[in-house]
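Report on the following structure.
The values are calculated or read from the model by the stated rules, or taken from the named source; none is laboratory data. Model, not experiment: these values are computed from the prediction. Note that each Cβ is placed from the backbone with ideal geometry, even for glycine, and that neighbours are counted across all protein chains shown. Calculation scope for accessible area: heavy atoms of the full protein, side chains included, ligands and nucleic acids excluded. Shrake-Rupley method; radii C 1.70, N 1.55, O 1.52, S 1.80 Å.
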Amino acid sequence: MNTNIESLHQLAIKPTRTIIGLMSGTSLDGLDVALCAISGSGTNTVVQLKEFETIGYSEEVKTEIRKVFAKKTIDFQHLALLNEWIGNLHADLVLDCLKKWNIKAKEVDLIASHGQTVMHAPKIKHQQSRFTNATLQIGDGDHIAVRTGITTISDFRQKHLAAGGEGAPLAVYGDYFLFGSDQENRIMLNIGGIGNFTFLPQNQNPEEVFVTDTGAGNTLIDAYTKFHFPELSYDKDAQIAMKGIVNQDLLKELKNDPFFEGTFPKTTGPELFNLDYVQKAINKSNSQLISVEDVLATLTRFSAETIAEAILYIIYQSETTQDELSLYVSGGGLHNPLLMTYLQELLAFPFKNTSELGILGDAKEAVLFAVLANETVAGGKTVFGTKKGVPSVTMGKISFPD
Ligand SMILES: Nc1ncnc2c1ncn2[C@@H]1O[C@H](COP(=O)(O)OP(=O)(O)OP(=O)(O)O)[C@@H](O)[C@H]1O
Ligand SMILES: CC(=O)N[C@H]1[C@@H]2OC[C@@H](O2)[C@@H](O)[C@@H]1O[C@H](C)C(=O)O
């Protein structure tokens with residue numbers, strides 16, 4: 001037997017596995033690195049977050065990724081170069097973290113790597129009849145495994161596509177395993193570049209679990225801020241948006257897109273929600289003369305309203321009353337005070353931070369990929385029923401270091 005298969009078997013039967021989850025999302029702010037101790041699997045999964053770091057990307061890295069990110073036309077050679085380059089970059093960032101944490105590579109059982117999404121193309125977006133849903137993450141797992149010496153599980157989204165999903169959101173699996181409760185109905189809301197949420201009913205029936213993207217989270221706020229203030233990558237603490245007022249005509253036009261009329265669940269990305277989207281809405285609503293501050297206030301309100309409307313619709317469908325619900329927020333949007341004030345205005349139930357459930361909000365997505373890798377080696381299929389969007393599969397490809 002290949003010794004790698006034997007070691008995989010050994011780590012699958014260990015009581016606790018040390019798994020590093022890596023997430024680099026649509027905001028291109030950096031790589032989230034979460035060192036987790038994970039025992040059990042499925043709904044018996046227990047995670048202890050041992051260490052967490054977000055390592056900011058340098059301007060050079062952001063510039064190289066932006067050359068292909070969410071673009072229809074790219075230099076194909078550059079994409080091939082980046083696939084290897086990002087793999088090795090992520091491997092180096094993991095090695096830096098291990099050094100800082102004083103942990104040896106051989107003490108880590110697995111790396112779970114999401115990679116960098118460069119294109120998300122559900123059929124509803126590309127609308128080409130002969131092709132189905134597609135998504136592409138780069139930063140190949142073989143490079144991470146060879147460079148770190150740690151077995152790496154990566155490219156989680158392709159199995160989801162193969163089994164009929166849109167390749168996202170994957171958060172639902174980890175959310176259900178880690179945060180399902182028989183004490184309350186829960187909404188696990190993540191506000192990254194894109195917003196998404198999982199609904200976890202108190203009855204804990206996996207067939208009633210639900211997940212969807214909601215539309216823009218921070219991505220339009222970030223893009224518009226960067227366009228007008230090139231030295232800034234986001235509107236820190238909503239300092240700019242707070243000086244503006246919401247323009248109702250622009251808001252109405254921003255919400256006037258087929259994405260919002262499509263049935264749930266659905267997924268999206270910066271392929272749709274980008275500067276061009278904002279510019280078109282400004283032109284159509286004749287709001288060319290409004291201030292940058294007003295546009296940012298309106299974009300912030302747009303994110304809040306579309307998140308809130310999606311949540312309220314799903315709650316209504318599930319016949320859950322609002323006083324039986326708690327909402328746990330994670331992702332960078334949690335730190336935007338204006339966005340959070342708007343959301344709280346629109347949703348009447350208690351807001352909590354995922355830290356109250358033992359996982360730091362900023363770390364949640366990286367932890368979720370560690371949980372997915374744990375399922376791949378030590379778990380099994382959880383049956384989420386035939387509901388579109390949550391295929392009952394384990395995900396990820398295994399790369400051995402030698
Ligand atoms: N203090 C703050 N004030 C305002 N916004 C903030 C603050 N801190 C973080 N953010 C927002 O959070 C973003 C980063 O969020 P996060 O890291 O969750 O995104 P991501 O993982 O890249 O996204 P996705 O999950 O959609 O792929 C920043 O780009 C910024 O818009
Ligand atoms: C294709 C892709 O990378 N999608 C991301 C993105 O960021 C948020 C939202 O859009 C979500 O669908 C997904 O990430 C999280 C981790 C998910 O799959 O649950």
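Evaluated against (1) crowded, with 21+ Cβ neighbours inside 10 Å; (2) under 25 Å from the mean Cα position of the chain (by Cα), Leu272 falls short on exactly one condition, (1). So, Ala112, is that one assigned to a strand (DSSP E or B), in contact with a Phe, Trp or Tyr (Cβ under 7 Å, 6 or more places away or on another chain), open to solvent by less than 40 Å² (accessible area, probe 1.4 Å) and hydrophobic (A, V, I, L, M, F, W, C) or not? Against the criterion (assigned to a strand (DSSP E or B), in contact with a Phe, Trp or Tyr (Cβ under 7 Å, 6 or more places away or on another chain), open to solvent by less than 40 Å² (accessible area, probe 1.4 Å) and hydrophobic (A, V, I, L, M, F, W, C)), Ala112 qualifies. Only residues that are over 29 Å from Ile13 (Cβ atoms), of a type in the set (Gly, Ala, Ser) and more than 13 Å from ligand 1 (Cβ to nearest atom) were counted across the range 341-381, and they come to 2.
Here Ser27 meets the list (1) in a loop (DSSP other than H, G, I, E, B); (2) open to solvent by less than 30 Å² (accessible area, probe 1.4 Å) almost entirely, failing just condition (2).
Give the range 153-173 a look and list any residue that's outside any helix (DSSP H, G or I), away from ligand 2 (no atom under 11 Å from the Cβ) and in contact with a Gly (Cβ under 8 Å, 6 or more places away or on another chain), or say none. Give the derivation first.
The first filter runs over the range 153-173 and keeps only residues outside any helix (DSSP H, G or I), leaving 153-156, 163-170.
Okay, now just the ones that are also away from ligand 2 (no atom under 11 Å from the Cβ), so 153-155, 163-164.
Answer for the range 153-173, where residues must be outside any helix (DSSP H, G or I), away from ligand 2 (no atom under 11 Å from the Cβ) and in contact with a Gly (Cβ under 8 Å, 6 or more places away or on another chain): Ile153, Ser154, Asp155.
Of the numbered criteria (1) open to solvent by 20 Å² or more (accessible area, probe 1.4 Å); (2) over 30 Å from Ala80 (Cβ atoms); (3) part of a helix (DSSP H, G or I); (4) within 16 Å of ligand 2 (Cβ to nearest atom), the one Asp222 fails is (2). For the range 177-202, a tally of residues being open to solvent by 20 Å² or more (accessible area, probe 1.4 Å), part of a loop (DSSP other than H, G, I, E, B) and touching a strand residue (DSSP E or B) at 6+ places or on another chain (Cβ under 6 Å) returns 3. Is it the case, given these coordinates, that Glu356 is charged (D, E, K, R) and open to solvent by 20 Å² or more (accessible area, probe 1.4 Å)? It is true that Glu356 is charged (D, E, K, R) and open to solvent by 20 Å² or more (accessible area, probe 1.4 Å). For the range 315-364, the set of residues classified as within 15 Å of ligand 2 (Cβ to nearest atom) and polar (S, T, N, Q) consists of Ser330, Thr354, listed by residue number.
In the range 359-378, the qualifying residues are those that are at pLDDT 95 or above and small (Gly, Ala, Ser), and the one that is surrounded by the fewest Cβ atoms within 10 Å (Cβ to Cβ) is Ala378.
Output the residues belonging to the range 379-402 that are aliphatic (A, V, I, L, M) and open to solvent by 30 Å² or more (accessible area, probe 1.4 Å).
Keep residues of the range 379-402 that are aliphatic (A, V, I, L, M), which gives 383, 390, 393, 395, 398.
Of everything in the range 379-402, those that are aliphatic (A, V, I, L, M) and open to solvent by 30 Å² or more (accessible area, probe 1.4 Å) turn out to be Val383, Val393, Ile398.
Within the range 322-344, the set of residues being without any contact (Cβ under 8 Å) to a residue 24 or more places away in the chain and open to solvent by 50 Å² or more (accessible area, probe 1.4 Å) comprises Thr341, Gln344. Looking across the range 284-321, the residues that are of a type in the set (Gly, Ala, Ser) and either closer than 30 Å to Ile187 by Cβ or not assigned by TED's automatic domain parsing to the domain that holds Ile221 (or both) come down to Ala297, Ser303, Ala304, Ala308, Ala310, Ser318.
Suppose the filter is assigned by TED's automatic domain parsing to the domain that holds Asn353 and either within 16 Å of ligand 2 (Cβ to nearest atom) or surrounded by fewer than 21 Cβ atoms within 10 Å (Cβ to Cβ) (or both); does Ile240 pass it? Before you say what the answer is, go through the steps one by one.
Numbers: assigned by TED's automatic domain parsing to the domain that holds Asn353: yes; either within 16 Å of ligand 2 (Cβ to nearest atom) or surrounded by fewer than 21 Cβ atoms within 10 Å (Cβ to Cβ) (or both): no.
Considered against the rule, which asks whether it is assigned by TED's automatic domain parsing to the domain that holds Asn353 and either within 16 Å of ligand 2 (Cβ to nearest atom) or surrounded by fewer than 21 Cβ atoms within 10 Å (Cβ to Cβ) (or both), Ile240 comes out as no.
Return the residues of the range 128-152 that are of a type in the set (A, V, I, L, M, F, W, C) and either surrounded by fewer than 23 Cβ atoms within 10 Å (Cβ to Cβ) or outside any helix (DSSP H, G or I) (or both); say none if nothing qualifies. Result: Phe131, Ala134, Leu136, Ile138, Val146, Ile150.
Go over the candidates Glu319, Glu309 one by one and state the one that is in a helix (DSSP H, G or I), charged (D, E, K, R) and closer than 19 Å to Phe210 by Cβ.
Of Glu319, Glu309, the one residue that is in a helix (DSSP H, G or I), charged (D, E, K, R) and closer than 19 Å to Phe210 by Cβ is Glu309.
Only residues that are free of Cβ contacts under 8 Å to residues at least 40 places away in the same chain and outside any strand (DSSP E or B) were counted in the range 350-373, giving 4.
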